[in-house]
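Notes follow once the structure below has been shown.
The values are calculated or read from the model by the stated rules, or taken from the named source; none is laboratory data. Given the structure is predicted, the values throughout are model-derived calculations rather than measurements. Every residue, glycine among them, receives a Cβ derived from its backbone with ideal geometry; neighbour counts consider all protein chains shown. Remember, those area values only see protein heavy atoms, side chains included, never the ligands or the DNA or RNA. Shrake-Rupley method; radii C 1.70, N 1.55, O 1.52, S 1.80 Å.
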Amino acid sequence: MAQKESQGVAEKRKGRRGPGSVIGSSAAGCVCAVLSIYGGGGAAISRLLQLGFVASFCTKLSDTVSSEIGKAYGKTTYLVTTFKVVPRGTEGAVSVEGTIAGLLASTLLAYVGCLVGQIDASEVVICIVASQIANLGESVLGAALQDKEGFQWLNNDVVNVINISLGSISAVLMQQVVLQKWYP
């Protein structure tokens, strides 16, 4: 925290998360879990919701790890919309170090999801790709709109809901389009 404060990239409230952060980070996964358990729709829908569940948390983990590693160790950070070099911590900025760390984190969690039977091996790749698509989308959203006039409502918690929902939805859509597999 001291390093981040000295660099001017520390989170508000000394990094403590509030209820909005918890809800924003878990809403998509919780919806998928509850619907998978209680929603009906049969085994096929339940399996798609399990994929959405795993993808949502792969997206969140990738986002958090890439952000933290990028802020702490990113040698050069680029604004995703223009590729101009910007200071660490800039909304919409990405670094090679952060991106690789986020990709590895997503890969690890997707693999764990496969090991515990939530997704199959082909869906591991889908979760990883979906998480990276969603995180790219979040960076574009942050660079283009966050902290801009007229978009004060678009805070980190709202962006997290959008990001994680996009990861979950992207995974389900990719499973249906790429694998074209409905579970019995």
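Between Tyr73 and Leu179, the FRET efficiency from the beta-carbon distance, with R0 = 30 Å, is close to 0.25. Atom-type composition of the exposed protein surface of the chain places 68 percent of the accessible area on carbon and sulfur (1.4 angstrom probe). Using R0 = 41 Å, the C-beta based FRET efficiency linking Val116 and Glu149 works out to 0.35.
Roughly how many debye, to the nearest 20, is the charge dipole of the chain about its Cα centre, given +1 on each Lys and Arg Cβ, -1 on each Asp and Glu Cβ, and no other charges?
For the chain, the charge dipole is close to 280 debye.
Taking each residue as 0.36 nm, the span from Ser21 to Phe83 lengthens on full extension beyond its C-alpha to C-alpha distance by 19.5 nm. Listed options for Cα extents along the principal axes in Å are (1) 44, 34, 29; (2) 72, 48, 32; (3) 54, 29, 29. The value calculated from this structure is the one marked (3). Longest segment of the chain with no trypsin sites (Lys or Arg not before Pro) in a DSSP loop having at most 15 other Cβ atoms within 10 Å? In short, 85-147.
Ranked by the mean number of other Cβ atoms within 10 Å of their residues, highest first, the peptides 129-138, 97-106, 20-29 come out as 129-138, 97-106, 20-29.
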